[in-house]
Amino acid sequence: MTSVENWRLVVLLTEATIMESMTVIDRGALRVALVVDANYRLIGVITDGDIRRGLMGGVSLSEPVTKVMCNSPFVANEQDSTEKILSLMTTETIEHIPIVDDGGILVGLKTLRELARPKQRNNWIVLMAGGLGSRLGALTKECPKPLLKVGDKPILELILESYIANGYHRFFLSVNYKKEMIKEYFGDGSNWGVTIEYLEEQERLGTAGSLALLPETPTEPFFVMNGDLLTRINFNDLLDFHHKQNSKATLCVRKIEQTIPYGVVDVDEHQLVSIEEKPTHSYFVNAGIYLLNPDVLPYLTQTANSDMPDLFRKIIDNDHKTAAFPFFDYWLDIGQKGDFYQACQDYQEHFSC
C-alpha cells in the first residue's frame, strides 16, 4: 500500500485522461489523485466518486481529468499545525487534504486515517486466557472461554482490538486450558498487525503467577487483564493516571450497589436498636484490569501459584505505593452463563461499530 510519504505517486498532470486517473487512484491505494499543472501548482483533486458521477453524466474515459475533478478542493498550508488540519478535515468530512505552499505549489498530502491514527505505545499487554471457564458449563466443554463468540468475534479478539485501537501492539497471552485452539486462532498476531507471544502454563499459576514466565523484563509499565472481560475503558487514561499517581501497581475498580431484600435489624444484646428496610450498600470491586511497573516482578516465582490480590498485598507490605482507578465505562465480567448471554445482548450497542 502506498504511504502518504509517497504521495507523488498519485499526482497527475492536467492533460491526463480519466482512465489514467483510475489507474493512479488504484495504484496509490489512497483513493485520491492530485491534479497539477506543469509547474506543480495544484489545479484540482479527483476521487473515484468524481469519476463515477462523471461517467453517469456521459463523460468518456478518454477525456481529460479536468472534466470531472473538483477544481476548488480544501487545502492546507505547509505551515498549518496537525491540529488545524485535522480540525478542518473533521469539520468538512473530508478524508484527504493536499498541502500547498504560499504559491499554491503542491508539497504534500495528509489523510484523515494518518492524522487520526493513535500514537503507538510500547507498553506490553498480558491477557490471562488459561482458565477452565467451568462455571459456563457445556459452553466451554469444547471451546475455551476466551474463544466464545460475542456477536461475531471471540471475547479475546474484542479485547485485543480494544487495545490495538489505543495504539498498543505487543501482547502476551497466558494459556493453559485448550491452549492449542487459542494459539491456532491468534497465531503470531500478524493478522492484526501486532506481535503475540504465549506464556504457556504447565500447571495453573493463578491470575499473577504466569507473569514470572515473561521472557524478559519489560522496560515500561505493563497491563494485565483477565481474558474474559468486555469493557470500553480508556486504557490510555488508565496509563496517564498510573503515571500521575507515581504508583507501582494500579488496580481498576468498579462501584457496585447491592440491595439487601430484607429489613436489616441492629441489635445490642437483646435490645432492638434500629430497623432499616431493604438497605442499599455501595462497594468498589476488583475489575480484573491492572497496570504494573516492571520492578514488581521479583515478587513472583516461576513455580508458585499466585493471584493478583496476593501480588498487591506483597507490594503494599513492602511499602510501595499502589492506586485504585475507578472507571464508569461499560464493563462486564463473563463469569456465569447469564453474563455471557448478557454480553451477547450488549454487543450491538457497545462493540458492533
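Let me have the 222 nm mean residue ellipticity of the chain computed from DSSP H runs of 4+ only, each contributing -39500 (n - 2.57), with the sum over all residues rounded to the nearest 500.
Result for the chain, helices only: -7500 deg cm²/dmol.
Treat the count of other C-beta atoms within 10 Å as a stand-in for reagent exposure and order MET22, MET89 from fewest to most.
Ascending number of Cβ neighbours within 10 Å: MET22, MET89.
Within the chain, what's the longest stretch lacking chymotrypsin sites (Phe, Trp or Tyr not before Pro) that sit in DSSP loops with no more than 13 other Cβ atoms inside 10 Å?
Longest stretch, sites excluded: 1-261.
What does the extension gain come out to for LYS337 and ASN39, with contour length at 0.36 nm per residue minus their alpha carbon separation?
Here the segment from LYS337 to ASN39 would lengthen by 100.5 nm.
Describe numerically, in nm with one decimal, the distance between label points set 7 Å from Cα along Cα→Cβ at VAL107 and at LEU13.
Spacing of the two 7 Å Cα→Cβ label points: 2.4 nm.
If you take the alpha carbon radius of gyration of the stretch 4-116 and divide it by 2.2 N^0.38 Å, what ratio comes out, to two decimals?
That works out to 1.02 for the stretch 4-116.
Once you've got the GNM for the chain with C-alpha springs shorter than 10 Å, pick whichever of ASP268, ASP240, ASP319 has the biggest mean-square fluctuation.
ASP268
Provide the net charge surrounding LYS314, with neighbours chosen by a C-beta distance below 14 Å and charges set as Lys +1, Arg +1, Asp -1, Glu -1.
Taking every other residue near LYS314 into account, the sum is -2.
For the chain, the longest stretch holding no trypsin sites (Lys or Arg not before Pro) located in a DSSP loop with at most 16 other Cβ atoms within 10 Å is which?
The longest such stretch corresponds to 233-320.
Using 0.36 nm per residue, how much length does the chain from PHE284 to ARG313 gain when fully extended, once their Cα-Cα distance is taken away?
Separation in residues times 0.36 nm, less the Cα-Cα distance, equals 8.7 nm.
Given the Cα-Cα distance of THR259 and ARG117 and 0.36 nm per residue of separation, how much length would full extension add, in nm?
Gain in length upon complete extension: 46.7 nm.
Is there a pair in LYS153/LYS314; LYS84/LYS321; LYS244/LYS314; LYS145/LYS255 whose C-alpha atoms are over 31 Å apart, and which pairs would that be?
The pairs that break the limit, which is 31 Å between Cα atoms, are LYS153/LYS314; LYS84/LYS321.
Which Rg and Dmax, in Å, describe the Cα atoms of the chain?
Answer for the chain, Rg first and Dmax second: 27.7, 100 Å.
Every number in this text was worked out from the coordinates using simple rules, so none of it is lab data. Since the model is a prediction, treat every value here as computed from it, not as a measurement. A quick note on method: Cβ atoms are made from the backbone with ideal geometry, for glycine too, and the neighbour counts reach across all protein chains shown.
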